[in-house]
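In what follows, a single structure is set out as structure tokens and then discussed.
The values are calculated or read from the model by the stated rules, or taken from the named source; none is laboratory data. Fair warning: this is a prediction, and the values are worked out from it, not measured in the lab. Using ideal geometry, Cβ is built from the backbone for each residue, glycine included, and neighbour counts are taken over all protein chains shown.
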Amino acid sequence: MLKPFEWQDKPALIEHLFPVQKISAESFKEQSAVQSKMLTALGSYWKGRKPLTLNKACILGTLLPATDNPLKDLEVFELLMGMDTQSMEKRLAASLPNSKIDQVGEYLVLPYNEQVRQAKRPEELSETLFSHAWNKVNAHLGTSAISFPELVEQMGIARFGHRPRVADVFSGSGQIPFEAARLGCDVYASDLNPIACMLTWGNFNIVGASNDKRIEIEKAQKALVKKVQAEIDELEIETDGNGWRAKAFLYCVEVFCPESKWMVPVLPTLIISASKYLVVKLIPLPSEKKYHIEVIQCKDSAEMHALSIGTIQNGELVHSPDGNTIFRTKISTIRGDYKEGKENKNRLRLWDKSDFIPRADDILQERLYCIQWMKQKSQGTQFDYQFRSISAEDIAREQKVIDFVGTHLAEWQEKGFIPDMVIEAGAKTDEPIRTRGWTHWHHLFNARQLLMLGLTKSIIHSADNNAESLSLFFGRLLDWSTKLCRYGTGASRESIAQTFYNQALNTLYTYGVRPFSFASTYLLEAPYKFRLKNNTIVKSHPAQDLEIENDIYITDPPYGDAVKYEEITEFFIAWLRKNPPAEFAHWTWDSRRSLAIKGEDEGFRQGMIAAYRKMAEKMPDNGIQVLMFTHQSGSIWPTVRIPS
């Protein structure tokens, strides 16, 4: 049995060996899983996610000792990572159909990266994956463990005199802290950004919750959806009165053409359903100098593509009211783009805090141009679907939404149910200001979305418990419910993308809006379950303000080409800052851009020095720091000198 501090002066395994090729193959497999990764259900909008398998390798590498038998060290490490032959056999067997189980041996002779590609990931399997490992691990290390928490505690006592405390002071969405907690370490996680802290908290308290707590959270999720849906159904704004319920509302920008004096919808394509050969046709209304938009059925793909050419082509608005004369006007001309010195400007009106739809004299208008409807079949659970042109009844329902939001906007902004926060200019946040004139965060949301989100937020605020968990799922709903959500017409189906499909705020000429009955699935997310039983702390502060001592620091710090989370997470902060739930109320609900360590200049270097100096001060003499460096250029770090 290991004694306290028995390994105090032993070098860590990671200082001597690290099987990079195998870990790279495992990491690539995990990153390729995209939405099925363990923690993405809480916030896939956070893109900078380090693979759990890489985090596990780093944590184990700091705790395992380097002995005088490196081959045995490597064997034990691979056993614990599920990368040995017997583990791979189990992983392959779990992924193959029953008819091919006897072919596992054929896969084991393939290159390792090909084996990984075919196999299940270790975190997808139960702890029985490692059942064969413990005798060999214990014999080599002198431990007596039959689980990772037991092994980690014994190794921590041997090295530090207690269960190891792992910290990440640039925690982001919490991949490193979560994996440390899952292995059985005590964990300290901090970040300047409150959204990062919220996601990390969710990893510990939702993914890592007990079964009883998860049942309680799931009941709260369902109760929330039921209440919001009841209020929306009472308004009768998502149904047609004939048994059909909306699945998608399609909107487009509409502009005044200065050449023809017509109002023209701005449509990059006229296709609305490639799978059903459906397009919209612009029917001129000369007396009104505008177009009626009608859904038509094409006979085949060839006809559909012949009729698919939209009204926006190579940056120009193109249309022909009489079918003969073609008018072409640059969008930049319509928008009134001009230069003032080196600064690009335009003549768009800047929206006010009270705006949520365009004013009548705005250059860029918006219109609802198509609705996809769904109705359950008379038998079974399948649905019929229809794309329809906009009717007078649809316009009346749309006006009801606008009237409702207009009546409640000021009150909801005061209470924090809808944002009243200004969009601060920045590298990413300039886009909606410059291209749309949107100056406040709620301008990124359609009236239907504001109604849905305002109701949801008000009910979360009044919840007796689980408001913290519901707020995380509300963040998911936000990501999928803006005017920045692309409507796509793929070959097999139509879909509406999330806002942060990349790390930008991309404004669009057309977008899709999910009704609550469809969007509510994001409030009903059921993340992975993995019970955590150890001590976890989440704090919101600058890295250099660390005050708690930890044994091991594993960090993926910001760097010059990093995602500008200090800007884009203001999208979420705007909705949560006025009335965050109790667990989050002590955090500073601001992105604190000026404090974010970023760039490549002297300020960045000094920020890094201050952060890593403080970590060195807050660790024992035999403490360990692991820095994950994923910058595209290696030129930054050689100039960062951390005093010993």
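Of everything in the range 423-438 that is in contact (Cβ under 8 Å) with a residue 40 or more places away in the chain and over 21 Å from the mean Cα position of the chain (by Cα), the residue that is farthest from GLU254 (Cα to Cα) is GLU424.
The residue pairs whose first member lies in the range 178-195 and is in contact (Cβ under 8 Å) with a residue 60 or more places away in the chain and closer than 20 Å to ALA209 by Cα, whose second member is of a type in the set (Ser, Thr, Tyr) and part of a helix (DSSP H, G or I), and whose beta carbons are closer than 7 Å, counting only pairs six or more residues apart or on different chains, are ALA189/THR200. Selection of first residues in the range 548-571 that are within 30 Å of GLN8 (Cβ to Cβ) and of second residues that are of a type in the set (Ser, Thr, Tyr) and at pLDDT 90 or above, restricted to Cβ pairs under 7 Å at least 6 apart or on distinct chains, gives the following pairs, ordered by first then second residue: ILE548/TYR188; ASN550/TYR188; ILE552/THR62.
Checking each residue in the range 516-551 for being of a type in the set (A, V, I, L, M, F, W, C) and either surrounded by 19 or more Cβ atoms within 10 Å (Cβ to Cβ) or under 20 Å from LYS247 (Cβ atoms) (or both) picks out PHE516, PHE518, ALA519, LEU523, LEU524, LEU532, VAL538, ALA543, LEU546. Every listed requirement among (1) closer than 19 Å to GLY490 by Cα; (2) surrounded by fewer than 21 Cβ atoms within 10 Å (Cβ to Cβ) is met by ILE272 save one, (2). In the range 238-269, the qualifying residues are those that are surrounded by 15 or more Cβ atoms within 10 Å (Cβ to Cβ) and of a type in the set (Gly, Ala, Ser), and the one that is farthest from the chain's Cα centre (by Cα) is SER260.
Within the range 317-327, not a single residue is surrounded by fewer than 17 Cβ atoms within 10 Å (Cβ to Cβ) and within 30 Å of ASP420 (Cα to Cα). With respect to LYS10, is the statement that it is farther than 19 Å from PRO149 by Cβ, touching a strand residue (DSSP E or B) at 6+ places or on another chain (Cβ under 6 Å) and modelled with pLDDT of 90 or more true? Against the criterion (farther than 19 Å from PRO149 by Cβ, touching a strand residue (DSSP E or B) at 6+ places or on another chain (Cβ under 6 Å) and modelled with pLDDT of 90 or more), LYS10 qualifies. Being in contact (Cβ under 8 Å) with a residue 60 or more places away in the chain and more than 30 Å from GLU153 (Cβ to Cβ) narrows it down to one of ARG514, ARG531, so name that one. Only one candidate passes the filter, namely ARG514.
So how many residues does the range 454-481 have that are buried (at least 23 other Cβ atoms within 10 Å of the Cβ) and part of a loop (DSSP other than H, G, I, E, B)? Final tally of qualifying residues: 1. Scanning the range 239-256 for residues that are in contact with a Phe, Trp or Tyr (Cβ under 6 Å, 6 or more places away or on another chain) and farther than 20 Å from LYS483 by Cβ yields one hit, TRP244. All conditions but one from (1) under 34 Å from the mean Cα position of the chain (by Cα); (2) crowded, with 21+ Cβ neighbours inside 10 Å; (3) in contact (Cβ under 8 Å) with a residue 40 or more places away in the chain apply to LEU235; the one that does not is (2). Picking from residues in the range 337-378 that are in a loop (DSSP other than H, G, I, E, B) and within 27 Å of SER495 (Cβ to Cβ), the one that is farthest from the chain's Cα centre (by Cα) is SER378.
So, ASN534, is that one part of a loop (DSSP other than H, G, I, E, B), over 19 Å from ILE176 (Cβ atoms) and not small (Gly, Ala, Ser) or not? In short, no. Residue count for the range 408-425 under the criterion of being surrounded by 14 or more Cβ atoms within 10 Å (Cβ to Cβ) and closer than 11 Å to SER354 by Cβ: the result is 3. Right, ASN579: touching a His at 6+ places or on another chain (Cβ under 8 Å) and either part of a loop (DSSP other than H, G, I, E, B) or buried (at least 21 other Cβ atoms within 10 Å of the Cβ) (or both) or not? The answer is yes for ASN579. I'd like to know if the range 281-294 contains one or more residues that are within 37 Å of the chain's Cα centre (by Cα), surrounded by 19 or more Cβ atoms within 10 Å (Cβ to Cβ) and assigned to a strand (DSSP E or B). Within the range 281-294, one or more residues are within 37 Å of the chain's Cα centre (by Cα), surrounded by 19 or more Cβ atoms within 10 Å (Cβ to Cβ) and assigned to a strand (DSSP E or B). Go through the range 120-140 and give me each residue that's touching a residue at least 24 places away in the same chain (Cβ under 8 Å) and more than 20 Å from ARG182 (Cβ to Cβ). HIS132, LYS136, HIS140 - these are the residues of the range 120-140 that are touching a residue at least 24 places away in the same chain (Cβ under 8 Å) and more than 20 Å from ARG182 (Cβ to Cβ). On the given criteria, is TYR112 surrounded by fewer than 18 Cβ atoms within 10 Å (Cβ to Cβ) and either at positive phi or not polar (S, T, N, Q) (or both)? When the stated conditions are applied, TYR112 passes them. When ILE554 is tested against (1) surrounded by fewer than 21 Cβ atoms within 10 Å (Cβ to Cβ); (2) closer than 22 Å to LYS50 by Cβ; (3) in contact with a helix residue (DSSP H, G or I) (Cβ under 8 Å, 6 or more places away or on another chain), just one condition goes unmet, and that condition is (1).
Quickly run through the range 18-46 and pick out the residues that are among the hydroxyl-bearing types (Ser, Thr, Tyr) and part of a helix (DSSP H, G or I). Residues satisfying the conditions are SER24, SER27, SER32, SER36, THR40.
Filtered by the rule that a residue be under 30 Å from LYS539 (Cβ atoms) and of a type in the set (D, E, K, R), the range 116-174 gives GLU123, GLU150, GLU153, ARG159, ARG163, ARG165, ASP168. Every residue in the range 1-45 that is among the hydroxyl-bearing types (Ser, Thr, Tyr) and either buried (at least 17 other Cβ atoms within 10 Å of the Cβ) or over 18 Å from GLN175 (Cα atoms) (or both), please. The answer is SER27, THR40, SER44, TYR45.
The single condition among (1) touching a residue at least 12 places away in the same chain (Cβ under 8 Å); (2) more than 29 Å from LYS56 (Cβ to Cβ) that GLY603 does not satisfy is (1). Taking the range 47-75 as the range and being out of contact with any helix residue (DSSP H, G or I) (no Cβ under 6 Å at 6 or more places or on another chain), over 18 Å from PRO164 (Cα atoms) and outside any helix (DSSP H, G or I) as the test, the residues that pass are LYS47, GLY48, ASP68, ASN69.
Within the range 61-88, the set of residues being under 18 Å from GLU30 (Cα atoms) and either aliphatic (A, V, I, L, M) or in contact with a Leu (Cβ under 8 Å, 6 or more places away or on another chain) (or both) comprises LEU80, MET81, GLY82, MET83, SER87, MET88. Hey, can you tell me all the residues within the range 594-621 that are surrounded by fewer than 17 Cβ atoms within 10 Å (Cβ to Cβ), over 30 Å from GLN8 (Cα atoms) and modelled with pLDDT of 80 or more? The one that is surrounded by fewer than 17 Cβ atoms within 10 Å (Cβ to Cβ), over 30 Å from GLN8 (Cα atoms) and modelled with pLDDT of 80 or more: GLN606. Report yes if some residue within the range 98-114 is aliphatic (A, V, I, L, M) and at pLDDT 95 or above; otherwise report no. Checking the range 98-114: not a single residue is aliphatic (A, V, I, L, M) and at pLDDT 95 or above. Between THR499, THR407, the distinction of being of a type in the set (S, T, N, Q) and either in a helix (DSSP H, G or I) or without any contact (Cβ under 8 Å) to a residue 60 or more places away in the chain (or both) belongs to THR407 only.
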